[in-house]
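What follows is calculated from the coordinates using simple rules that are stated; it is not laboratory data. What you are looking at is a predicted structure, and each value in this text was computed from that prediction instead of being measured. Neighbour counts run over all protein chains shown; Cβ positions are idealised from the backbone, glycine included.
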């Protein structure tokens with residue numbers, strides 16, 4: 001499926017349907033758009049114990065989630081961590 005035009009509107013409509021889990025892999029620009037429109041229910045962020053330089057910031061350009069809570073951490077055999085953050089509506 002290809003989404004064009006009003007991306008927040010299309011994602012909102014998809015979320016209202018009964019369907020599989022939607023995931024975003026590696027698109028920091030889409031994450032920023034979804035954050036801005038409060039369309040993320042859960043973050044699953046991998047942390048790897050390596051230093052590779054500056055890289056791209058997930059939370060940039062003034063779009064920082066203040067409505068998240070850490071719910072679970074899983075460690076892998078390689079030393080990487082998967083952090084689960086649940087979002088909640090802002091009031």
**Complete:** Read-out Cα extents along the principal axes in Å, candidates (i) 36, 26, 26; (ii) 38, 32, 27; (iii) 62, 32, 28; calculated match is (ii)
**Item:** Helix-only mean residue ellipticity at 222 nm for the chain, each DSSP H run of n ≥ 4 adding -39500 (n - 2.57), per residue, nearest 500
**Value:** -6000 deg cm²/dmol
**Asked** How do 71, 4 line up, fewest other C-beta atoms within 10 Å first?
**Response** 4, 71
**Fill in**
For the pair residue 2 and residue 16, the simple spin-label estimate (label points 7 Å beyond Cα toward Cβ) gives in nm 2.5 nm
